[in-house]
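The values are calculated or read from the model by the stated rules, or taken from the named source; none is laboratory data. Nothing here was measured: the structure is a model prediction, and the numbers come from that model. No Cβ is skipped: glycine too gets one built from the backbone with ideal geometry, and neighbour counts run over all protein chains shown. SASA here: full protein model, heavy atoms, side chains in, ligands and nucleic acids out. Shrake-Rupley method; radii C 1.70, N 1.55, O 1.52, S 1.80 Å.
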Amino acid sequence: MTQNTGISNNILDLIGSTPLIKLNKITKNLTGNFYAKYEGFNPGHSMKDRIALYIIEEAERQGILKKGSTVIETTSGNTGFSMALVSIIKGYKCILAVNSKASAGKINMLKAMGAKVYVCPAHVSADDPRSYYEVAKRLHNETANSVYINQYFNDLNTEAHYRSTGPEIWKQTNGEITHLIAASGTGGTISGVAKYLKEQNPKVKVLGVDAFGSILKKFHETGEFDKNEIYPYRIEGLGKNLIPTATNFDVIDTFEKVTDESAAHRARELAITEGLFTGYTSGAVVQAAMQYNEMGMFNENSKVVLILPDHGSRYMEKIYSDDWMKEQGFFDAKKQAHEQVEYI
Ligand code: PMP
């Protein structure tokens, strides 16, 4: 930030320092005090802005990236958008290899941010030369001065949250946080924040959120996983069918799994109770808070921070579409869509 003026040097100055907002209604029947760290306030609308900026600036420090260099990643989601955003300001090319399941809307969003997008067939194995992993690796090998972010296996992902999100939460709660609840995908957010918080106060409990169909909870509990437990689910960005090295399981106390349906309803509830328009995994985190509450995890003095990873605008065709909810079978007789629109 420019000293003594209200002017930011560029949009990257606005990454991080997201608000911590007290939840007043959605958690009213739960024991304890609940606060949302709303990462949708980042300029790229998710916490992935933090890792994009941190990893790219680390590569600059190491002399790998120079003006005109190339940033490569394999994602159509939040990380892709954030990498494209940081690349624009820094003057790098951004290449994103995505699989053909990515919606046209998502590809258009990445193109709008100046990225070059390679759409790779979804139904080939990871080691097929046409898979998005292999395409990204090949482009990285062929492109001088390029960096392959590889967020699932990059320790800098976790370090970014250790250096920014963790200290922010500690400061915003005056060091009084007792519990952290966070979704785990790459595990970067939960592991980085947990490590920082536990260094300040080892008593802080770290409660992970996983999806049915993912292996993280089982792996955390047993050190192994059963391939039969892997099946497709709807929530994007949460859970995994492999073990990412960016996850530090030692700093996570426990995991709880949530269903696609409950997470979708909780996200919609967050909007109409708290005015927080968030993504699918934010609903998953609130749902997990309710399940942990049922398990007797909190008392009246508990100060529980929920990380809400992204903004709701990316989910208009999914959880915020009544048609999509109906197609999934998520509306039953009791949970009817709100009939809020009248056509004249
Ligand atoms: N929520 C959303 C919407 C995400 O895109 C991700 C990233 N995969 C996560 C949660 C999980 O965050 P992390 O990768 O840091 O574990």
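The criterion of at least 3 residues that are more than 12 Å from the ligand (Cβ to nearest atom) and open to solvent by less than 40 Å² (accessible area, probe 1.4 Å) is met by the following helices (runs of 4 or more DSSP H) wholly inside region 230-340: 260-274, 280-294. Could you figure out which of (1) away from the ligand (no atom under 14 Å from the Cβ); (2) under 26 Å from Asn42 (Cα atoms); (3) of a type in the set (Phe, Trp, Tyr) isn't true of Phe212? Among (1) away from the ligand (no atom under 14 Å from the Cβ); (2) under 26 Å from Asn42 (Cα atoms); (3) of a type in the set (Phe, Trp, Tyr), the lone unmet condition for Phe212 is (2). Taking region 77-117 as the range and being of a type in the set (Gly, Ala, Ser) and surrounded by fewer than 16 Cβ atoms within 10 Å (Cβ to Cβ) as the test, the residues that pass are Gly91, Ser100, Ser103, Ala104, Gly105, Ala112, Gly114. For region 214-233, a residue qualifies if it is closer than 18 Å to Ala182 by Cα and not polar (S, T, N, Q), and the qualifying residues are Ile215, Leu216, Lys217, Lys218, Phe219, His220, Glu221.
Being of a type outside the set (Asp, Glu), within 23 Å of Val193 (Cβ to Cβ) and over 15 Å from the mean Cα position of the chain (by Cα) is a property that does not hold for Leu65.
Scoring Tyr132 on the criteria (1) within 29 Å of Ser17 (Cα to Cα); (2) of a type in the set (Phe, Trp, Tyr); (3) open to solvent by 50 Å² or more (accessible area, probe 1.4 Å); (4) out of contact with any Gly (no Cβ under 7 Å at 6 or more places or on another chain) leaves a single failure, condition (1). Screening region 173-198 for residues that are outside any loop (DSSP other than H, G, I, E, B), farther than 13 Å from Ile307 by Cα and not charged (D, E, K, R) and picking the one that is most open to solvent (accessible area, probe 1.4 Å) gives Tyr196.
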